[in-house]
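Here's the structure we're looking at; comments come further down.
The values are calculated or read from the model by the stated rules, or taken from the named source; none is laboratory data. Values in this document were obtained by computation on a predicted structure and should not be read as measured data. Ideal geometry is used to build each Cβ from the backbone, glycine not excepted, and the neighbour counts take in all protein chains shown. To get the accessible areas, we keep the full protein, side chains included, count just its heavy atoms, and leave off ligands, DNA and RNA. Shrake-Rupley method; radii C 1.70, N 1.55, O 1.52, S 1.80 Å.
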Amino acid sequence: MEGLKGEEAQKQEFVLASVSELASSSSSSSLTPAVARFSAEDGVGELRFQQEAESDARVNVDLQTAQLFKLGPVQSVCISEGSDTGTEKLFSRGVTIHFKNEEESGAFHNAFEQWKKDFIVQGKKLPNGEISSSKSKFDDKIEPSSAKMYFHYYGQLLHQQNMLQDYVRTGTYYAAVIENRVDFTGRVVVDVGAGSGILSLFAAQAGAKHVYAVEASEMAEYARKLIAGNPSLGQRITVIKGKVEEVELPEKADILISEPMGTLLINERMLETYVIARDRFLQPNGKMFPTLGRIHMAPFSDEYLFVEIANKALFWQQQNYYGVDLQPLYASAFQGYFSQPVVDAFDPRLLVAPSMSHVIDFTKINEEDLYEFDIPLRFVAAVGTRVHGLACWFDVLFDGSTVQRWLTTAPGAPTTHWYQLRCVLSQPIYVMAGQEITGRLHMIAHNAQSYTIYLTLAAKMWGPGAEQGGIIQESSCKLDLKEPYYRMSQPQAYTITQDQQPHQQIQAQDIPIHSQDFEDSEFIPQPSPSSGVKMTLADFARSTGSLKDTL
């Protein structure tokens, strides 16, 4: 071994204040005081907790599968694979360790990490069926820089506050848990991606026997502090700092609770972690809160938004920007702005057809099924208008034994921190009332914890000759869900009205829409040709101060 030399390479001992076993194949036992002995034989590392040298009362821990977590300054828990009795496989067992002081606690943790590092065996089966390797499954599929930023973001209290102050989100979770006490009372709960620990505290309020709050970011330390500050609940909550793909738990869970939803439900790819937690920790027929999710989609018309995005690229139309012609980059800039999904809250009257949905059942779906979604689209336009893209939102169901409760992010419903999402086409399509709109929404996961979106919308022939079929219009776009345009956080740059005609640099609508198509419509307001203010390229240049006497 590199870390331990000579006699220490074969044995190392620590005298502990006390040790108590969390779970075993027999009744729970207590070993106090005790000795912890690291040893090595034939290249295999072992940790043994024993009351005295001659005693048979001992617990053996395989360092190849063991995990050590600090619960406090002088208290830790060691979790590892149990034994195979022939009739029953004990998947994991845990030992609570009490040290005499913080110095001994630190020394033991350092020794544990060194012994584990030197004796880790690649490809060893873990207690819950996963494969141990130098990199976890999470590390294998996620870019390190993305993971670092992700855990840094969620390790800050200001971002946790943003989520806690989403009262639709937090209130719905609270109601779903408290109204379904029967699902939590006396049950073991695992909080997947616990964050501040608020859901763990809700579960404890509902009578959970014990809650394991698993959190990989530095927020775990804040969660410990918050939980310690609520001792009547905190005594039944254990915070475990680590990734769900890597940690071990001393017992199986009766119910999982988590908030794994990102923008469009799937952004950040935490649904995969939620499913992995199900496969590793949940008892057969255990419950999951939330239970399933639905992605809703509908075509929309929003001339204001289209012009706003298109006008962003006008900067690159300048022919004399400090003596430089920027026009060669205009087309790339134009497409670049349309590659950003728009995150904001919009008026549901902008929808031009009833929505359709795609269901994701968290209790049944395989992790690999979350790597790619291919959703065929079909709508029937309720009005004649110009379709600018596809609007999306989601909801999730808490399928409790007592109450079924939905958390929705739908337009028109109380706004959440997820808002809604819109994929805007750089080339809109024209439809008449009653015309069929078809297409495809294809989403492929990438290693930056998000998805690449491919959207195609098409309008089939409508009116005389429609029986011949065929497509008369089609428009496609590629977007990166990782890089959205957060429209809600930015000021509205233009004072034009919703029904103005597009900017002169953009092809104006050249198919007439008859006024009767808009009468009594709840979707699109009737256009007013005389309303609005039109911004020309020269106006844009003068407003930015970028052009002087060049146009």
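Looking for whichever is surrounded by fewer than 15 Cβ atoms within 10 Å (Cβ to Cβ), out of contact with any helix residue (DSSP H, G or I) (no Cβ under 6 Å at 6 or more places or on another chain), at pLDDT 95 or above and on the phi > 0 side of the Ramachandran plot here; the options are 129, 171, 123, 186. Which one fits?
186 is the lone residue from the list that is surrounded by fewer than 15 Cβ atoms within 10 Å (Cβ to Cβ), out of contact with any helix residue (DSSP H, G or I) (no Cβ under 6 Å at 6 or more places or on another chain), at pLDDT 95 or above and on the phi > 0 side of the Ramachandran plot.
With respect to being under 23 Å from residue 353 (Cα atoms), of a type in the set (Asp, Glu) and within 22 Å of the chain's Cα centre (by Cα), residue 395 fits the description.
For residue 383, the test of being touching a residue at least 12 places away in the same chain (Cβ under 8 Å), over 24 Å from the mean Cα position of the chain (by Cα) and surrounded by 14 or more Cβ atoms within 10 Å (Cβ to Cβ) is passed.
Any residue at all in the stretch 50-60 that is among the basic types (Lys, Arg), surrounded by 12 or more Cβ atoms within 10 Å (Cβ to Cβ) and modelled with pLDDT of 80 or more?
No: zero hits.
All of 200, 196, 217 fail the test of being of a type in the set (Gly, Ala, Ser) and touching a residue at least 60 places away in the same chain (Cβ under 8 Å), apart from 217. Counting the residues of the stretch 337-368 that are of a type in the set (Asp, Glu), out of contact with any helix residue (DSSP H, G or I) (no Cβ under 8 Å at 6 or more places or on another chain) and outside any helix (DSSP H, G or I) gives 2. Quick check: anything in the stretch 398-405 in contact with a Leu (Cβ under 6 Å, 6 or more places away or on another chain), modelled with pLDDT of 95 or more and open to solvent by less than 10 Å² (accessible area, probe 1.4 Å)? No. Yes or no: the stretch 71-83 includes at least one residue that is in a loop (DSSP other than H, G, I, E, B), at pLDDT below 75, open to solvent by 20 Å² or more (accessible area, probe 1.4 Å) and not hydrophobic (A, V, I, L, M, F, W, C). Within the stretch 71-83, one or more residues are in a loop (DSSP other than H, G, I, E, B), at pLDDT below 75, open to solvent by 20 Å² or more (accessible area, probe 1.4 Å) and not hydrophobic (A, V, I, L, M, F, W, C). For the stretch 245-262, a residue qualifies if it is open to solvent by 10 Å² or more (accessible area, probe 1.4 Å), over 27 Å from residue 419 (Cβ atoms) and in a loop (DSSP other than H, G, I, E, B), and the qualifying residues are 245, 246, 251, 252. Pairs meeting the criteria (first residue in the stretch 414-433 and on the phi < 0 side of the Ramachandran plot, second residue of a type in the set (Ser, Thr, Tyr) and surrounded by fewer than 20 Cβ atoms within 10 Å (Cβ to Cβ), beta carbons under 8 Å, at least 6 apart or on different chains) are 425/475; 425/476; 426/475; 427/475; 428/475; 429/475. Checking residue 199 against (1) part of a loop (DSSP other than H, G, I, E, B); (2) at pLDDT 95 or above: exactly one of these is not met. Which one? Condition (1) is where residue 199 drops out.
For the stretch 440-449, the count of residues that are more than 22 Å from the chain's Cα centre (by Cα) and at pLDDT 95 or above is nonzero.
Residues that are crowded, with 19+ Cβ neighbours inside 10 Å, outside any strand (DSSP E or B) and either on the phi < 0 side of the Ramachandran plot or modelled with pLDDT of 95 or more (or both) do not occur anywhere in the stretch 459-479.
Give me a count of the residues in the stretch 263-313 that are part of a helix (DSSP H, G or I) and closer than 16 Å to residue 338 by Cα.
Total meeting the criteria: 11.
Scan the stretch 379-408 for residues that are more than 30 Å from residue 187 (Cβ to Cβ) and in a strand (DSSP E or B) and the total you get is 11.
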